Amino acid sequence: MKLHEFFDSLQDRGLINNHTPGIREHLAGAPRTGYIGFDPTADSLGIGNLAQIVTLRRFQAAGHKPLVLLGGGTGLIGDPSGKSAEREWLSPNAVASHTDSIERQIRVLLPEAEFVNNADWIPGLPMGQFLRDVGKHFSINAMLNMDSVKSRVSGENHTGMSFTEFSYSLLQAYDFARLSTHYDASIQMGGADQWGNICAGTHLVSKMHPKAVFGLTTNLVTREDGSKFGKSEGGNIWLSSAKTKPFDFYQYWFSLTPQEAAKASAVFLESNEPAGARLAAAMTSLVHSKPVMECVEFMRNMMRFDAASLPKLCEGRPSTSIMSYAISAGVPIAYLGRDLTAGVLSMRHVSAIAKAANISNSELIRAMKAGSVAINGEVARGAGTALKLLPLDGAPIGVLRLGKRKMCLLAGID
């Protein structure tokens, strides 16, 4: 890929939302340093953040230098962009811990990028120096016209904003000025909601340093109903396997409509993988690794098999191996105990399954009565249902399916 093809690739995929004039020519002239900032508002990044990481991967693939700015300083305040009310402030210790977590996540996906943290300069900025060197370059009128401010001050809710939040764009602008000076960064990138903050940065650099800098934003990734990618009925889809299990992560991508899958493929992948299973496999491999993706697909195959065909799928795999698959895939396991001589589902088993599936006993029983629960492909109507598990390597194993997408591995061990 040639230097300018980074811009062309984004444009061809319909990903560019806005950019400053001359950026394509600037990119074509020589290898450039560009950066994206990530504020540690949580201990994990989500799918929206992943879109920005992929942008930096494409930037690097074209021959440019990616710079990751960790917002250990700005995270003490929180970006008001896209927020209808002030964020709940995090303690300095929480911000530092979150920063460490998201740095580890990004390094896996961008191992060759350079990392900097604005906690190294923002908390220690002298107020007088900041107001004199930075604040004097910004008009209050212009700041009030920023979308992130206007929606809070003059929007329907009139929730207002604190001076602290109001000053956020100046702090982000100062980041650009510092990175421009110390790291030769000439391009700041981000999502569409960052355009105002990025323009503040290019404006400040033009006032403080005699050098050209540029900004570029990509479209926010939305589903057909207008909601952001990464939102589901169960909450956010996180990159952390502790917050979103790999199996649930895979299922999210698998559940997209063909149109949504095509859009996701253009945003996140280099090859076109519009089919649900192929997209889900590619995304799970990207975030969680290929071995984890293979574990997920094995468990999904178990979910589709019935008691008669399950032995063939599990052939050559002891129960311990299948348990490892389930753990790696993030599938909940219901430990039913070894006393299965009665051969029927007891209330003790129901409680173990409900606990593993993170629902109440009554919810599980209602689902059973509705016919939406199956064990090894056979509908389970409640306590007393014949419990036909697969005796595998001395430990009975089975698959419980709840609805269309939820599953739970049944293990006849303590």
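The values are calculated or read from the model by the stated rules, or taken from the named source; none is laboratory data. All values derive from a computational prediction rather than experimental measurement. As a convention, Cβ positions derive from the backbone with ideal geometry for all residues, glycine included, and neighbour counts pool all protein chains shown.
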| message | Looking at (1) touching a Phe, Trp or Tyr at 6+ places or on another chain (Cβ under 9 Å); (2) modelled with pLDDT under 95, which one does S84 not meet, given that it meets all the others? | response | (1)
| task | With the checklist (1) more than 26 Å from the chain's Cα centre (by Cα); (2) surrounded by 22 or more Cβ atoms within 10 Å (Cβ to Cβ); (3) not polar (S, T, N, Q) in hand, flag the one item F247 doesn't pass. | result | (1)
| request: Can you work out which of the residues in region 383-395 that are without any contact (Cβ under 8 Å) to a residue 60 or more places away in the chain and assigned to a strand (DSSP E or B) is nearest to L345 (Cα to Cα)? | output: A386
| request: Return the total of residues in region 32-75 being more than 26 Å from D184 (Cα to Cα) and not charged (D, E, K, R). | output: 7
| query | Which condition does V344 not pass, out of (1) within 30 Å of I102 (Cβ to Cβ); (2) surrounded by fewer than 19 Cβ atoms within 10 Å (Cβ to Cβ), if it passes all the others? | reply | (1)
| remark: Among the residues of region 8-34, the number that are surrounded by fewer than 21 Cβ atoms within 10 Å (Cβ to Cβ), outside any loop (DSSP other than H, G, I, E, B) and of a type in the set (G, A, S) is 3
| query | Do the conditions hold for G37, that is, is it assigned to a helix (DSSP H, G or I) and assigned by TED's automatic domain parsing to the domain that holds N118? | reply | no
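A quick yes/no check of all residues on (1) closer than 28 Å to L27 by Cα; (2) touching a helix residue (DSSP H, G or I) at 6+ places or on another chain (Cβ under 6 Å); (3) of a type in the set (G, A, S):
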{"site": "R57", "(1), (2), (3)": "yes, no, no"}
{"site": "S97", "(1), (2), (3)": "no, no, yes"}
{"site": "E103", "(1), (2), (3)": "yes, no, no"}
{"site": "A113", "(1), (2), (3)": "yes, no, yes"}
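Residue-by-condition table, conditions (1) in contact with a Gly (Cβ under 6 Å, 6 or more places away or on another chain); (2) more than 30 Å from A380 (Cβ to Cβ):
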| site | (1), (2) |
| --- | --- |
| I237 | yes, no |
| F254 | yes, no |
| Q259 | no, yes |
| A262 | no, yes |
| G276 | no, no |
| C295 | no, no |
| N301 | no, no |
| K312 | no, no |
| task | Could you identify the single residue in A329, A334, A352 that is without any contact (Cβ under 8 Å) to a residue 24 or more places away in the chain, surrounded by 13 or more Cβ atoms within 10 Å (Cβ to Cβ) and in the same structural domain as G398 (by TED's automatic domain parsing)? | result | A352
| query | Can you tell me which residue in region 87-100 is modelled with the lowest pLDDT, limited to those that are out of contact with any strand residue (DSSP E or B) (no Cβ under 9 Å at 6 or more places or on another chain) and crowded, with 18+ Cβ neighbours inside 10 Å? | reply | L90
| Entirely in region 111-212, the helices (runs of 4 or more DSSP H) that have 1 or more residues that are out of contact with any strand residue (DSSP E or B) (no Cβ under 7 Å at 6 or more places or on another chain), buried (at least 19 other Cβ atoms within 10 Å of the Cβ) and in contact (Cβ under 8 Å) with a residue 40 or more places away in the chain | 147-153, 163-166, 168-182, 195-208
| remark: Filter region 254-268 for residues that are touching a residue at least 40 places away in the same chain (Cβ under 8 Å) and touching a helix residue (DSSP H, G or I) at 6+ places or on another chain (Cβ under 7 Å); the one that is surrounded by the fewest Cβ atoms within 10 Å (Cβ to Cβ) is V267
| Could you say whether any residue in region 63-77 is modelled with pLDDT of 95 or more, among the small types (G, A, S), over 14 Å from the mean Cα position of the chain (by Cα) and surrounded by fewer than 23 Cβ atoms within 10 Å (Cβ to Cβ)? | yes
| message | Can you name every one of the helices (runs of 4 or more DSSP H) wholly within region 308-382 that holds 2 or more residues which are modelled with pLDDT of 90 or more? | response | 319-329, 347-357, 361-369
| Does T41 fit the bill of being in contact with a strand residue (DSSP E or B) (Cβ under 8 Å, 6 or more places away or on another chain), modelled with pLDDT under 95 and hydroxyl-bearing (S, T, Y)? | no
| request: Filter region 314-326 down to residues that are touching a residue at least 60 places away in the same chain (Cβ under 8 Å) and among the small types (G, A, S), then give me how many there are. | output: 2
| query | If you scan region 326-376, which residues turn out to be touching a helix residue (DSSP H, G or I) at 6+ places or on another chain (Cβ under 8 Å) and closer than 12 Å to M407 by Cβ? | reply | A326, A329, G330, V331, P332, I333, A334, I353, A357, V373, N376
| query | Which of the residues spanning region 213-236 are under 20 Å from I359 (Cβ atoms) and surrounded by 20 or more Cβ atoms within 10 Å (Cβ to Cβ)? | reply | none
